[in-house]
1. Whose amide H sits under 5 Å from the amide H of GLY75, counting only residues 5 or more places off or on another chain, with H placed in the peptide plane?
2. Can you give the FRET efficiency to the nearest 0.05 for LYS150 and THR215, using r as the Cβ-Cβ distance and R₀ = 30 Å?
3. Note down the relative contact order for region 4-128 as a percent, whole number, built from C-alpha pairs under 8 angstrom at least six residues apart.
4. Helix-only estimate, please: 222 nm mean residue ellipticity of the chain, summing -39500 (n - 2.57) across DSSP H runs of length 4 or more and dividing by its residues, to the nearest 500.
5. Of the chymotrypsin sites (Phe, Trp or Tyr not before Pro) in region 95-137, which ones lie in a loop per DSSP and count no more than 15 other C-beta atoms within 10 Å?
6. Rounded to the nearest 0.05, what FRET efficiency do ARG91 and ALA253 give with R0 = 45 Å and r taken as the Cβ-Cβ distance? Could you check?
7. Give the cysteines in the chain for which no other Cys Cβ lies under 4.7 Å away, or write none if there are none.
8. Please list, in order along region 111-121, the HN-Hα scalar couplings obtained from phi with the Karplus expression 6.51 cos²θ - 1.76 cosθ + 1.60 (θ = phi - 60°), rounded to whole Hz, x for Gly and Pro.
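Laboratory data are not the source of any read-out in this text; all were calculated from the coordinates shown. From a predicted model like this one, the values you see are computed outputs, not experimental measurements. Quick reminder, even Gly has a Cβ in these numbers, built from the backbone with ideal geometry, and neighbours come from all protein chains shown.
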Amino acid sequence: MPELPEVETYRRFLNEVILHQAIVALEVRDAHVLGTPEDVLRENLVGRQVTATRRIGKNCFLELSSGQVLALHFGMSGDVGAYRHDHDAPRFTRVALHLADGLRVAFIDPRKFGRIRLTESVAHYQQAKKLGPDALDVTATQLQQRLSPKKTILKPLLLDQSITAGLGNWIVDEVLFQAKIHPERRANTLVTAEFEALHAAIQLVLTTAISHEATYRHFPASFLIHARGWDESATPGTEKHLFCPKHSKTKIAKSYVGGRATYVCPRCQPEPVKSE
């Protein structure tokens with residue numbers, strides 16, 4: 001699933017190829033991904049330009065010269081691409097914006113869970129979808145204000161897009177590992193220093209992932225993500241990635257928290273005591 005780092009990479013790509021280009025045609029190959037009727041989209045896109053790109057959490061926005069905004073949500077498998085000729089169109093291109101210079105910008109979605117829709121503004125979309133502040137913008141104080149009153153365990157709260165937008169499953173595991181906090185700690189038991197550590201870890205994980213364009217094998221060996229088994233190139237030919245990168249004799253433990261696969265270091269992230 002495209003997470004915040006992937007969507008930020010998509011946004012930067014779109015910013016390079018589509019900005020201030022006139023949209024001369026809208027090509028719809030599969031209307032299933034449209035959250036706004038095709039004729040309404042065509043009426044509001046053709047002849048317009050994208051004046052800016054924005055992102056909140058996992059949502060990407062193209063601000064149009066008309067004042068409206070095209071919102072892109074990538075679902076489970078969405079992506080973007082560019083091509084010039086039909087035979088070069090990426091597989092699973094569902095919608096393409098044809099630009100004045102001949103380039104076509106593709107919305108790619110194999111599983112068709114993504115959506116393209118018009119909205120009157122980014123703020124309106126954020127309110128309608130009940131999205132909290134973007135995870136890269138949220139402050140330690142905001143995290144503490146939003147989380148400290150809650151007696152719920154921490155991981156599901158961090159996944160709640162209304163609290164902060166953009167944290168997905170592996171990101172939350174990584175953030176909690178870097179902050180040395182167990183995912184089953186109750187939010188109201190955290191002290192100010194732990195909220196500050198949580199905020200610093202969010203910044204570290206997201207900026208690192210974005211700088212590597214969400215290519216997991218390039219992430220530092222100090223990251224927990226390698227234990228998920230997605231890519232073993234960080235420790236080729238060994239099982240070193242299955243152990244804590246800070247304590248090489250401690251094996252990373254897998255469990256399920258809130259129904260989601262969860263990875264923790266038992267040494268770095270001690271389990272909460274029963275009273276918590």
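1. ARG115
2. Working: r = 34 Å, r/R0 = 1.15.
In this case the efficiency is close to 0.30.
3. Once normalised by length, the contact order is 29 percent.
4. Helix contribution divided over all residues of the chain: -8000 deg cm²/dmol.
5. Details: sites: PHE107, PHE113, TYR125; in loops: PHE113.
The qualifying sites are PHE113.
6. 0.75
7. When partners are defined as cysteine Cβ atoms under 4.7 Å apart, the chain leaves CYS60 without one.
8. 8, 6, 9, x, 9, 10, 8, 8, 9, 6, 6
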